[in-house]
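A.B. asks: I'd like to ask some things about the structure below.
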Amino acid sequence: MKKVTFLYQRRDPLTKLDMFAHGPLWFPAALHAFDDVFKTITHSPKVQELGRKLGLQDPVIVQSMYIFKQPGIGGEVTPHQDATFLNTSPLGKVMGFWIALEDATIQNGCLWFIPGSHKDGISRQMVRTPEGTYPRTQFRGSERNYEDNQFVAVPVKKGSLVLICGEVVHKSALNTSEKSRHAYTFHIMDSRGTHWSEENWLQPTQELPFPSLYTQT
């Protein structure tokens, strides 16, 4: 029997992101594995060259997403740190590659960051709950309170790449404009000397391991 895959969109209840997935199951993180176009982008020579310039020794891809932020209805993403959801020991081993597929402006919901916040560690972690319980994840700790004046907007042009440290606090606002703001994003972990928490909601499997960034072109 031939395996059938599906393309579909849904809003992630945890991050309020509008995400697009491709896979035999709901994999909010698997575009780099299941779609040839996104696989080519993720493993492109430019991305691999950048990884080496950043000194990444054994980077693996842990997740990827296509983010829709539609005109007038694109949702807010509240302040958060990616390491809350993608936790490692030591910290500082996860990085997001955020590629603007359209101009990202203040009006259509560009990214906002708190400069220097990557130095303060994380205050909460999303962990798996025991098998057979619901919901399947819960938070340990609590998010800090942030003031709007702490954030700096980062509007970028179509085709720009934004690198996001796993510990930096960032957010994006509602899309109040008449223009969409689409982005493709993936996260890598430098796996050398790094422990991926068994409590993370996302775990590598035999079917969907964390592939090396450097092995494909």
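The values are calculated or read from the model by the stated rules, or taken from the named source; none is laboratory data. Every value quoted in this text rests on a predicted model; they were computed, and no experiment measured them. Note that each Cβ is placed from the backbone with ideal geometry, even for glycine, and that neighbours are counted across all protein chains shown. Ligands, DNA and RNA are excluded from the accessible area calculation, which covers all protein heavy atoms including side chains. Shrake-Rupley method; radii C 1.70, N 1.55, O 1.52, S 1.80 Å.
A.B. asks: Based on Cβ point charges of +1 for Lys and Arg and -1 for Asp and Glu, what charge dipole magnitude is obtained for the chain about its Cα centre, in debye rounded to the nearest 20? Can you show the working numbers first?
C.D. replies: Values: 23 positive and 21 negative charges, 51 e Å.
That gives a dipole near 240 debye.
A.B. asks: Arranged from highest to lowest average of other beta-carbon atoms within 10 Å per residue, in what order do the peptides 63-73, 134-144 appear?
C.D. replies: Values: 63-73: 19.5, 134-144: 11.4.
Those peptides, ordered most packed to least, come out 63-73, 134-144.
A.B. asks: Connecting C-alpha atoms closer than 10 Å in a GNM of the chain, tell me which of H195, H187, H170 has the biggest fluctuation.
C.D. replies: Maximum among the listed residues: H195.
A.B. asks: Here's another thing I want to ask about it. So, for the chain, what is the accessible surface per residue at a probe of 1.4 Å, expressed in square angstrom? Write down the numbers at each step before the final one.
C.D. replies: Numbers: 11450 Å² over 217 residues.
Ligands and nucleic acids excluded, the figure is 53 Å² per residue.
A.B. asks: Which pairs in the list K93/K158; K69/K93; K46/K93; K53/K171; K46/K171; K53/K93 are over 22 Å apart, alpha-carbon to alpha-carbon? Each step should come with its number before you reach the end.
C.D. replies: Working: K93/K158 27 Å; K69/K93 28 Å; K46/K93 20 Å; K53/K171 27 Å; K46/K171 27 Å; K53/K93 15 Å.
With Cα atoms farther than 22 Å apart: K93/K158; K69/K93; K53/K171; K46/K171.
A.B. asks: Residue-wise, which Karplus ³J(HN,Hα) couplings in Hz belong to the stretch 37-44, taking 6.51 cos²θ - 1.76 cosθ + 1.60, θ = phi - 60°, and x for glycine or proline?
C.D. replies: Calculated HN-Hα couplings, in order: 5, 6, 5, 5, 5, 4, 9, 5 Hz.
A.B. asks: So what is the 222 nm mean residue ellipticity for the chain from helices alone, if each DSSP H run of at least 4 adds -39500 (n - 2.57) and you divide by all residues, rounding to the nearest 500 deg cm²/dmol? Display every interim value, and only then the final one.
C.D. replies: Numbers: 3 runs with 20 residues, N = 217.
Using -39500 (n - 2.57) per qualifying helix, the result is -2000 deg cm²/dmol.
A.B. asks: Pairs of alpha-carbon atoms within less than 8 angstrom and 6+ residues apart define the contacts here; what relative contact order does the chain have, in percent? Write down the numbers at each step before the final one.
C.D. replies: Details: 481 pairs, mean separation 69.4, N = 217.
Reported relative contact order: 32 percent.
A.B. asks: Another question, if that's okay. Run the dipole for the stretch 52-154 about the Cα centre, Lys and Arg Cβ at +1, Asp and Glu Cβ at -1, nothing else charged, and hand back the magnitude in debye, nearest 20.
C.D. replies: On the way: 10 positive and 10 negative charges, 84 e Å.
In debye, rounded to 20, the stretch 52-154 gives about 400.
A.B. asks: Report the Cα centroid-to-centroid distance between the stretch 105-169 and the stretch 180-203 in angstrom, as an integer.
C.D. replies: For the stretch 105-169 versus the stretch 180-203, the Cα centre distance is 13 Å.
A.B. asks: What's the carbon and sulfur percent of the chain's accessible surface, probe 1.4 angstrom, rounded to a whole number?
C.D. replies: Working: 6340 of 11450 Å².
Heavy-atom surface of the chain belonging to carbon and sulfur, 1.4 Å probe: 55 percent.
A.B. asks: I need the phi-derived Karplus couplings for the stretch 124-136: 6.51 cos²θ - 1.76 cosθ + 1.60, θ = phi - 60°, integer Hz, Gly and Pro marked x.
C.D. replies: 8, 9, 8, 10, 5, 9, x, 3, x, 9, 9, x, 7
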